[in-house]
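Just below is one structure, and these are the notes that go with it.
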Amino acid sequence: MQGRLKTAELTEIQQQILSMLAEGYDSSAIHGLQGISAATVQYHRNSIIDKMGASTMLQAAVIASKRGLV
């Protein structure tokens, strides 16, 4: 679980979504609170996973936590 993220690679909305996921919000709540579609939330989740070099959102959250991103 190395991860290859450079903080600047995450967009502002991706940083917000990552923080919300780390706080325990699910995708449904995020799409309601952010005013974006569920598909857009899923797109950003997949981008976060890819940018973090993770294989799951949980793994991405752990990497982000270890790096002090959330």
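The values are calculated or read from the model by the stated rules, or taken from the named source; none is laboratory data. Not measured: the values here are computed from a predicted model. So basically every Cβ, Gly included, is an ideal-geometry build from the backbone, and we count neighbours across all protein chains shown. Note: areas computed on protein heavy atoms with side chains; ligands, DNA, RNA excluded. Shrake-Rupley method; radii C 1.70, N 1.55, O 1.52, S 1.80 Å.
List of remarks:
- Residues of the range 41-52 satisfying the condition of being among the β-branched types (Val, Ile, Thr) and either under 8 Å from the mean Cα position of the chain (by Cα) or open to solvent by 50 Å² or more (accessible area, probe 1.4 Å) (or both): Ile48, Ile49
- Verdict on Ser28 being part of a helix (DSSP H, G or I) and surrounded by fewer than 12 Cβ atoms within 10 Å (Cβ to Cβ): yes
- Taking every residue in the range 53-66 that is surrounded by fewer than 17 Cβ atoms within 10 Å (Cβ to Cβ) and pairing it with any residue that is β-branched (Val, Ile, Thr), at least 6 positions away or on another chain, the pairs with Cβ-Cβ distances below 8 Å are Gly53/Ile63; Ser55/Ile49; Thr56/Ile49; Gln59/Ile49.
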